[in-house]
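The structure appears right after this line, and notes come after that.
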Amino acid sequence: MVDLGKLIQERIRDVDDYPKPGVVFKDITPLLADHVAFAGVVDTIVNHHGRGTIDKIVGIEARGFILAAPVAYHFGAGFVPVRKKGKLPARTHAATYDLEYGTETIEIHADAFESGDRVLIVDDVLATGGTARAAADLVRRCGGEVVGLSVLLELSFLHGRDKVGNLDVHSLVTV
Ligand code: AMP
């Protein structure tokens, strides 16, 4: 029996001083390259919420896409991208926020949801929580109901949970 939490920790590589001095970047590419770890992560997120409970999965560019797309497939849910400013072709809503290393603007297509769609947001890392909060705001502005946030890794020392309000946060590993 695989200890998934231990495997995830072993497959996430710390890269010091990336993308700027003082930041320890959590590189998930070794995890993605390990099919047991990758499949285990996807299955755990789907099982946590239960098939049939979610209408749309939102993935946040870019690493969030990689996790969110197979989660959407296994849920039987649709996939909706949240992208960096200027990347989505049709009419969008935008949100700007502070990041652990800079500021960011993210966008979503304004017609991404049917009114009342139940939406799960998926990303790789919850750090300061700014990205998750902005993504949740965007979903709500488009008429979706945010059911929760699933992340692979939560950096608890940055207190991201405090920023996302009453959003149900599910993290597979917390450091
Ligand atoms: P935050 O808005 O501070 O919670 O940052 C979360 C977003 O930034 C996620 O989309 C992550 O991919 C990325 N991110 C922030 N900090 C890190 C980190 N230390 N290592 C890897 N990705 C990070």
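Annotation note: Cβ proximity below 7 Å between a residue of region 135-160 that is under 17 Å from Phe79 (Cα atoms) and within 13 Å of the ligand (Cβ to nearest atom) and a residue that is in a helix (DSSP H, G or I) and hydrophobic (A, V, I, L, M, F, W, C) (sequence gap 6+ or interchain) occurs for Leu149/Ala132; Ser150/Ile45.
Go over the candidates Ala112, Ala68, Ala127 one by one and state the one that is closer than 24 Å to Phe157 by Cα and without any contact (Cβ under 8 Å) to a residue 60 or more places away in the chain.
Going through Ala112, Ala68, Ala127 in turn, the sole match is Ala127.
What number of residues in region 71-84 are surrounded by fewer than 21 Cβ atoms within 10 Å (Cβ to Cβ) and touching a residue at least 60 places away in the same chain (Cβ under 8 Å)? Residues flagged as surrounded by fewer than 21 Cβ atoms within 10 Å (Cβ to Cβ) and touching a residue at least 60 places away in the same chain (Cβ under 8 Å) within region 71-84 amount to 0.
Can we say Asp123 is touching a strand residue (DSSP E or B) at 6+ places or on another chain (Cβ under 6 Å), near the ligand (Cβ under 8 Å from one of its atoms) and at pLDDT 95 or above? Please lay out each step first, then the result.
Numbers: touching a strand residue (DSSP E or B) at 6+ places or on another chain (Cβ under 6 Å): yes; near the ligand (Cβ under 8 Å from one of its atoms): yes; at pLDDT 95 or above: yes.
Here the answer is yes, as Asp123 does meet what is asked.
Residue pairs whose Cβ atoms lie under 6 Å apart, sitting 6 or more positions apart in sequence or on different chains, and linking a residue in region 28-43 that is more than 18 Å from Ser171 (Cβ to Cβ) and free of Cβ contacts under 8 Å to residues at least 24 places away in the same chain to a partner that is among the charged types (D, E, K, R) and crowded, with 18+ Cβ neighbours inside 10 Å, are Pro30/Arg11.
Right, Arg63: out of contact with any Pro (no Cβ under 7 Å at 6 or more places or on another chain), in contact (Cβ under 8 Å) with a residue 12 or more places away in the chain and loosely packed, with under 13 Cβ neighbours inside 10 Å or not? No, not satisfied. When restricted to residues that are of a type in the set (S, T, N, Q), surrounded by fewer than 16 Cβ atoms within 10 Å (Cβ to Cβ) and within 21 Å of Val119 (Cα to Cα), region 23-51 contains 1. Only one of the numbered conditions (1) more than 9 Å from the ligand (Cβ to nearest atom); (2) touching a helix residue (DSSP H, G or I) at 6+ places or on another chain (Cβ under 9 Å); (3) in a loop (DSSP other than H, G, I, E, B); (4) over 17 Å from Val58 (Cα atoms) is violated by Thr128, and that is (1). Just wondering, is there one or more residues in region 52-59 that are more than 16 Å from the ligand (Cβ to nearest atom) and at pLDDT below 95? Yes, region 52-59 contains at least one residue that is more than 16 Å from the ligand (Cβ to nearest atom) and at pLDDT below 95. Which of the residues spanning region 131-175 are in a strand (DSSP E or B) and small (Gly, Ala, Ser)? The answer is Gly148, Ser150, Ser171. Applying the set (1) in a helix (DSSP H, G or I); (2) of a type in the set (A, V, I, L, M, F, W, C); (3) out of contact with any Lys or Arg (no Cβ under 7 Å at 6 or more places or on another chain); (4) within 14 Å of the ligand (Cβ to nearest atom) to Val42 leaves exactly one unmet item: (4). For Lys87, the criteria (1) part of a strand (DSSP E or B); (2) within 15 Å of the ligand (Cβ to nearest atom); (3) surrounded by fewer than 22 Cβ atoms within 10 Å (Cβ to Cβ) hold in every case but one, which is (1).
One residue alone among Phe38, Phe65, Phe79 is closer than 23 Å to Gly5 by Cβ and aromatic (Phe, Trp, Tyr), and that residue is Phe38.
The values are calculated or read from the model by the stated rules, or taken from the named source; none is laboratory data. Keep in mind that what you see is a predicted model, and the values were worked out from it rather than measured. Using ideal geometry, Cβ is built from the backbone for each residue, glycine included, and neighbour counts are taken over all protein chains shown.
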